[in-house]
Structures are given as C-alpha cells and as structure tokens.
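Worksheet: one structure, shown below.
The values are calculated or read from the model by the stated rules, or taken from the named source; none is laboratory data. Predicted model only: the values in this text are computed from it and were never measured. Glycine also receives a Cβ, built like all others from the backbone with ideal geometry; neighbour counts cover every protein chain displayed. Protein only, heavy atoms only, side chains kept; ligands, DNA and RNA dropped before computing areas. Shrake-Rupley method; radii C 1.70, N 1.55, O 1.52, S 1.80 Å.
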Amino acid sequence: MTPTLSASLPARLGDLSPVQARLCLAIRAFLLERAPEVSGASVVAGVSGGPDSTALLAILRLLAPGLGLTLTVAHLDHGLRPESADEALAVAALCRSIGLPCLTEKAALPEPGSPGLEAASRNARYAFFEKVRATVGAGFIAVGHTQNDLAEDLLLRLVRGCGWPALGGMPAFDPRRRLVRPLLLTPRARLTAFLAEIGIAVADDPSNADPAYRRNRVRHRILPLFLAENPGFLDVAARLWRQADLDRQAFAADPILTTGPQYAANGDILVARKTLAGLPPARRIRLFKAVLDRLGPGESLTDTLFRLERAVSARRGGATFQFPGGKTARIFTANVRFRGRGALTGIGAEDRKGDCEILNEEASPVNILIFGPNGSGKGTQGSLVKKKFNQAHIESGAIFREHIGGGTELGKKAKAYIDKGELVPDDITIPMILSTLKDKGKDGWLLDGFPRNIVQAQKLWEALQAAGMKLDYVIEILLPRQIAKDRIMGRRLCANDANHPNNIFIDAIKPKGDECRVCGGALKTRSDDQDEDAINKRHDIYYDTKTGTLAAAYFYKDLAAKGQTKYIELNGEGSIDSIKETLLAKLS
C-alpha cells in the first residue's frame, strides 16, 4: 500500500477543483464543530500509507495554514508483512517531499496468525502515536477513520451487544486520548476521488482482506449486504451517530453523574444504595455506565448492565458482575462498589471493615472451567460444584447435540462439517458455547470438556471478555497418566444400574469379584474402556503441555497469577471424600 506521487501535491485549496475544495472545507467545518480546540494546535497525524490516512495527511496539510496547525507524521511499521519496511520508507519519503517531519518505529508484535494479534496491533499503534505526541509536545492525534469505518464500527458494536448511545459508534473527538477523527463523516469513495485528483496512487493493505479478522468480515461480507438493501446505509449510520451524540451529551449533563459517585482512597467508585433507590431504572443504568467508563477502557455490555440493574432493584446483596476491561461491580448492603482492572482478586480487609459488610459469595453467579483426564473423577467433583453453587453443568458434547438436534443456525453449520468428517472450526464452536452459557448459565455455569487445546483456551478467554462474562475459578484435577488409564480400564458397569460406581483399581469402590458392590448385580465392561489405542490417543491430547489440553489449563493458570481468575489444583489420587473436602475448602 505504498503511496506514490505522480506530480507535486497542491499547496493551497485554490489549487483544487471546486468539488475537492468543498470536500476539504466540509472536513474543516466538521473538525471545528467537534474539536474547536484543535485550531492553532500542534497535531500528530497517524499515517499507515493506506488511502484513508494518506488522504487525511494531504487534507490536513491543505487546511493547516488556515487553522494554524503544526503537523508531525507518525508511522508504525507493524512488521507483519515483507513489504512493511518499504512502506515505512515510502511514507517518510512522501513527508520529505511535502516538508513535514515523520517519526517511524517498528513494533514488536506476535507472529502473524497469533490469537489477539488484531488487538495487539491496535494497542501498539495508539501507544506509538501517544509517544510521538508527548515527544513533540503536540496537543492532538489525528487518525483517518472514515464514514465507512463508522458504519463498520456500528455493526461491530451491534454484534457485541452495545447499548445506547454507545451503539452509535466511535466518537469524532476523544478528549481523554486527545484523539480526533476529521474524516469520520466522509465516505471513503470521496477520499479515493480526492487522491486520484491530486495524483497520489495508493494500494490497500492486503491484510485488510483477510477474513480471519472480524472487522474484515464485517467490511467485506456484512456491510455490503446492508448497502445492497439500502444504498444510503452510510448516511443512515451518520444520522444514527449524530442522534447518539446528542443523547450522549444529554446523558452527560445529568447532575446525578456528579453527585452520585463517591471515590474511595483505593480508586474504587461507590454509589450509595439510597441514591440509587430514588432513581428510575433508565437513570440508574446510565449512572452505572458512566461510572464504568471512568474506570478505563472496555465497553459496558447491555446485558450485564441490565443484570446489575435487576440485582439492585431486587436488593440482592453480594452479587458480583464482571465487565470488559477487567472491571467489576459488587453489590453491598450500603452501596454498589465499582472497581477497575484487578477486581477479581477479592474483597480485602479494608472493604469489610469500612463497610461493616460480609460478601455473600454464593449470592453471585459463579462461573467455572474444570480440567481433568478421563478417569480423574471430574464428573463426580463437577456434580459437587454444581450443587454448591446451584449452577448449570454444561458439557461440550451436549452443546453440540442440542444445537444440532435443535436445528439452530450454528448447529446446522456444525453438522455440515461433521457430515463431511471434518472438525468443527472454533469460530462456530465458541459462539455455540457462549450461546449455551448465556441461555443456561444465568445463575452460573460449570463448563466441562472445552477448551481442549491452547488456541481454544485463548479464543474462549477473548470471547468471554468480549461478552462481559467473568471466569471465577479454573479447577484442574491432577492425575498421572498411567493411573488415569488404569481407572478407565478398571471401570465396571452394573447390569441393574449403570450409576452404581465400581472400579477394580479404586479401593473405595472396588466390586466384590464379578458382583456390583452396591446391589450385587452382574458386572460388565464397556468396549471403549478396553480400547487402549483410543485411550492413548485421548490422553496424548490431554497431557500435551505444549499445545494440548494441559497447555490450555496452564494458560488459565497464568491468568490466575495475574489476578484475572482463581486456579485450584486437586490431587486426583486421593479418595473421593478427601478431594471433595479439599475442593470445598478452596471454594469457600
């Protein structure tokens, strides 16, 4: 996407055709309407070398004399494609040709195809722009998001479940980040025509067509469907954005946003239950949203806000709600306490003493993942956890059966792969799991049988975060591989009741010869319990600490070390009762 000049760039608006001059003046008016502080300021323009950011640079250069702008260009080489270094040189050359300083840097990012690469790239880009802004003493950062990007963002927010007015899309001016988007209500087609007129040829970044990224799928698959139904959909998005902006301003002027929140010494924000009791639900939800926004990045999803509102209305103490960005809201007797990243580390002594309250953990829905090889007693301990927390015990195999048997859209897609003898892709499996967790796990869930590898673990965590779903505990039952194999091959089924536990390798449930230890009925074996090859293949996957199931478990163990969940290890060689006692103690 290297920008190349076919002629020298116009230096004045008067050098443009009337159509392109009016375009630049409209962008100037929009910029002054949304961020009048920019006038006379120093601005860092983020330029990738693609068409949108190159158009931004050219237009700001034309507007700079009239607005009194001092421009600096910032370009981050993501290093994800062989040609990225040449693109960085081309941007620098373009800047030299028009007399603007250009600062470049190469990012240190994960390998292409790594989970979370899109977010990591975005974070690195904005961190670099902010570093350049601070280095040159600029007041603002300008980026090249267009009206097409706005429409895509609106659809992405709809998919994520954003509420109003956040559903309206990204802001044109973000004061906290000193970020302006002068082109936000300008269609990309008009910028393409502008570049053609002034003689700049730019090719799109090929990674923008990669369907591995959600934004690209929205851009190339979903947005065209909307435009086919309504060719004016970009203008629809712009009108919705303006309405959302008006409502955002009205909400921001509500005095309760100033008088309601109280700040604790540790950075928590408290809202008194007495204050909330006097507000209608709509104002309470807006107050919750505003407080969460003050705690940092991470959109407050509508479903979780409604759940919080219902819990407050029902005077339900002890409930905890997790929001994207590591933020939580906990309901106490006297107030609702909001906390930023790190909130899953629990309530400290200062909270108990200061509020004279006891957190009722069991009043809050508890979400748990459980890991353990076949033969570890995972089902037995899972049943115990389910009863303790009154939660749904959800097995991955049952999820597939229900979606396929119920004929859901995801089930149909999964069945198509299964019928061909192929593995169901994660981008079908994970939404299927999330759908079931939301439908059946409103009072908490225990997920068993997924994830089975490190990639699925990472994707599931990202999906839970995006959906605003917390993960309270991860349980791993440790058992040596040979013992696990012996236990599987030692299982015996009672002819009278298959639920009667019998295992020739476990003393506590060892049968009496060929008779059931519970009822004396005849015993038999399951054929798959005696298939050593099949058992070995399953265990090869489970005990793989590089990419397999244990690698997935260790991914969550690392998150627990960072305070983002809690990790419980159980010695599976103990008796059922001893494991039960240990587990209950660690869950208390």
_Let me confirm something: among 529, 540, 544, which residue is open to solvent by 80 Å² or more (accessible area, probe 1.4 Å) and of a type in the set (Asp, Glu)?_
540
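Among the residues that make up the range 209-230, is at least one of them in a loop (DSSP other than H, G, I, E, B) and either open to solvent by less than 40 Å² (accessible area, probe 1.4 Å) or closer than 30 Å to residue 275 by Cα (or both)? I'd like the intermediate steps shown before the answer.
From the range 209-230, those in a loop (DSSP other than H, G, I, E, B) are 210-213, 230; that's our starting set.
Now narrow it down to the ones that are either open to solvent by less than 40 Å² (accessible area, probe 1.4 Å) or closer than 30 Å to residue 275 by Cα (or both): none.
Scanning the range 209-230, I find no residue that is in a loop (DSSP other than H, G, I, E, B) and either open to solvent by less than 40 Å² (accessible area, probe 1.4 Å) or closer than 30 Å to residue 275 by Cα (or both), so the answer is no.
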_From the list 566, 512, 580, exactly one residue is over 33 Å from the mean Cα position of the chain (by Cα) and either touching a residue at least 40 places away in the same chain (Cβ under 8 Å) or closer than 18 Å to residue 448 by Cβ (or both). Which is it?_
580
*asked:* Given (1) crowded, with 21+ Cβ neighbours inside 10 Å; (2) in contact (Cβ under 8 Å) with a residue 40 or more places away in the chain; (3) part of a helix (DSSP H, G or I); (4) not aromatic (Phe, Trp, Tyr), identify the lone condition not met by residue 370.
replied: (3)
*Out of the residues in the range 430-468 that are out of contact with any Pro (no Cβ under 9 Å at 6 or more places or on another chain) and polar (S, T, N, Q), which is farthest from residue 301 (Cα to Cα)?*
453
*Identify the single condition in (1) open to solvent by 40 Å² or more (accessible area, probe 1.4 Å); (2) within 30 Å of residue 292 (Cα to Cα) that residue 456 does not satisfy, given that it satisfies every other one.*
(1)
*Which one of 105, 87 is touching a residue at least 12 places away in the same chain (Cβ under 8 Å), open to solvent by 20 Å² or more (accessible area, probe 1.4 Å) and over 26 Å from residue 465 (Cβ atoms)?*
105
*asked:* Here is a list: 328, 304. Which entry is in contact with a Phe, Trp or Tyr (Cβ under 8 Å, 6 or more places away or on another chain), among the β-branched types (Val, Ile, Thr) and within 20 Å of residue 157 (Cβ to Cβ)?
replied: 304
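Among the listed residues 310, 330, 352, identify the single one that is modelled with pLDDT of 85 or more, open to solvent by 60 Å² or more (accessible area, probe 1.4 Å) and outside the structural domain of residue 159 (by the TED database). Break it down into steps so the answer makes sense when it comes.
On the way: 330 fails: open to solvent by 60 Å² or more (accessible area, probe 1.4 Å); 352 fails: modelled with pLDDT of 85 or more.
Of the residues listed, the single one that is modelled with pLDDT of 85 or more, open to solvent by 60 Å² or more (accessible area, probe 1.4 Å) and outside the structural domain of residue 159 (by the TED database) is 310.
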_Residue pairs, Cβ under 8 Å, 6 or more apart or interchain, first in the range 258-278 and open to solvent by 30 Å² or more (accessible area, probe 1.4 Å), second acidic (Asp, Glu). List them._
266/350
*Does the range 465-490 hold any residues that are crowded, with 21+ Cβ neighbours inside 10 Å and under 20 Å from residue 577 (Cβ atoms), and which are they?*
475, 476, 477, 479, 484, 487
*Can we say residue 242 is outside any loop (DSSP other than H, G, I, E, B), over 20 Å from residue 27 (Cα atoms) and out of contact with any strand residue (DSSP E or B) (no Cβ under 9 Å at 6 or more places or on another chain)?*
no
*Which residues, counting only those in the range 570-588, are closer than 25 Å to residue 321 by Cα and open to solvent by less than 80 Å² (accessible area, probe 1.4 Å)?*
583, 584, 585, 587
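Counting just the residues of the range 558-569 that are in contact with a helix residue (DSSP H, G or I) (Cβ under 8 Å, 6 or more places away or on another chain) and either open to solvent by less than 70 Å² (accessible area, probe 1.4 Å) or not assigned by the TED database to the domain that holds residue 506 (or both), which one comes out nearest to residue 502 (Cα to Cα)?
Taking the range 558-569 and keeping what is in contact with a helix residue (DSSP H, G or I) (Cβ under 8 Å, 6 or more places away or on another chain), we get 559, 563-568.
Applying the additional criterion that residues be either open to solvent by less than 70 Å² (accessible area, probe 1.4 Å) or not assigned by the TED database to the domain that holds residue 506 (or both) yields 559, 563-565, 567-568.
Numbers: 559: 37, 563: 40, 564: 39, 565: 35, 567: 30, 568: 27 Å.
Looking at residues that are in contact with a helix residue (DSSP H, G or I) (Cβ under 8 Å, 6 or more places away or on another chain) and either open to solvent by less than 70 Å² (accessible area, probe 1.4 Å) or not assigned by the TED database to the domain that holds residue 506 (or both), I get 568.
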*How about the range 114-198: which helices (runs of 4 or more DSSP H) wholly inside it have at least 3 residues that are open to solvent by 20 Å² or more (accessible area, probe 1.4 Å) and free of Cβ contacts under 8 Å to residues at least 24 places away in the same chain?*
117-136
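Tell me, please, whether a residue that is open to solvent by less than 70 Å² (accessible area, probe 1.4 Å), outside the structural domain of residue 329 (by the TED database), within 30 Å of residue 77 (Cβ to Cβ) and assigned to a loop (DSSP other than H, G, I, E, B) can be found in the range 231-238.
Taking the range 231-238 as the starting set, the residues that turn out to be open to solvent by less than 70 Å² (accessible area, probe 1.4 Å) are 232-234, 236-238.
So of that shortlist, the ones also outside the structural domain of residue 329 (by the TED database) come out as 232-234, 236-238.
Then keep just the ones that are within 30 Å of residue 77 (Cβ to Cβ); that gives none.
Within the range 231-238 (the criterion being open to solvent by less than 70 Å² (accessible area, probe 1.4 Å), outside the structural domain of residue 329 (by the TED database), within 30 Å of residue 77 (Cβ to Cβ) and assigned to a loop (DSSP other than H, G, I, E, B)), the answer is no, since none of the residues qualifies.
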*Given (1) assigned to a helix (DSSP H, G or I); (2) open to solvent by 20 Å² or more (accessible area, probe 1.4 Å); (3) touching a helix residue (DSSP H, G or I) at 6+ places or on another chain (Cβ under 9 Å), where does residue 288 come up short, assuming only one miss?*
(2)
_Whether any residue in the range 139-152 is hydrophobic (A, V, I, L, M, F, W, C), assigned by the TED database to the domain that holds residue 35 and within 18 Å of the chain's Cα centre (by Cα) is what I want to check._
no
